[in-house]
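The values are calculated or read from the model by the stated rules, or taken from the named source; none is laboratory data. This is a predicted model, so every value here is computed, not measured. When we count neighbours, we look across all protein chains shown, and the Cβ atoms used for this are built from the backbone with ideal geometry, even at glycine.
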Amino acid sequence: MLRYKVDAFKGLVNGAAGPITGIIWPCFQRAQMYDTDIPSVHIDFYKDGVHFIQPKIMQFPAKYSHGTAERRMLPIILRWVSTVHKMQGSTVVHAVVYLGLKLFAAGQAYVG
């Protein structure tokens, strides 16, 4: 799942999800990788297609105004569950639904 807006026109916004279909390293494989070697990934966003996601570099002002701090990372995280809002409009083959113990009246659990 994407954590940052990459390209809103292509549908690559915060919360867009899909499986990783490929990992591309910036250099040839070698015995020791450097800290700056962050792979890029191909992600299949289903209706929006397969897209190439590159590492994002973010800079922050350091504490007490002594330079800047930099963070390099892929703007993705694992997605283990989805809310009803995130799944709205999706088609799934199988689903496991946990309704919890807080349902105390008829009509609280529904399919809309």
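The condition (being surrounded by 10 or more Cβ atoms within 10 Å (Cβ to Cβ), in a loop (DSSP other than H, G, I, E, B), more than 13 Å from the chain's Cα centre (by Cα) and at pLDDT below 80) is satisfied by just one residue among 108, 32: 108. Every test in (1) at pLDDT below 85; (2) surrounded by 14 or more Cβ atoms within 10 Å (Cβ to Cβ) is passed by residue 18 save one, and that test is (1).
Among the residues of the range 56-112, write down those that are on the phi > 0 side of the Ramachandran plot and touching a strand residue (DSSP E or B) at 6+ places or on another chain (Cβ under 7 Å).
Kept after step one, since they are on the phi > 0 side of the Ramachandran plot, are these residues of the range 56-112: 64-65, 67, 89, 100, 107.
Matches in the range 56-112: none.
In the range 79-86, the condition of being over 18 Å from residue 23 (Cβ atoms) and over 17 Å from the mean Cα position of the chain (by Cα) is met by at least one residue. Scan the range 69-93 for residues that are surrounded by 10 or more Cβ atoms within 10 Å (Cβ to Cβ) and among the hydroxyl-bearing types (Ser, Thr, Tyr) and the total you get is 2. The number of residues in the range 50-68 being over 19 Å from residue 7 (Cα atoms) and surrounded by 12 or more Cβ atoms within 10 Å (Cβ to Cβ) comes to 0.
Among the residues of the range 49-95, those identified as part of a loop (DSSP other than H, G, I, E, B), more than 15 Å from residue 14 (Cβ to Cβ) and among the β-branched types (Val, Ile, Thr) are 81, 91, 92, 93.
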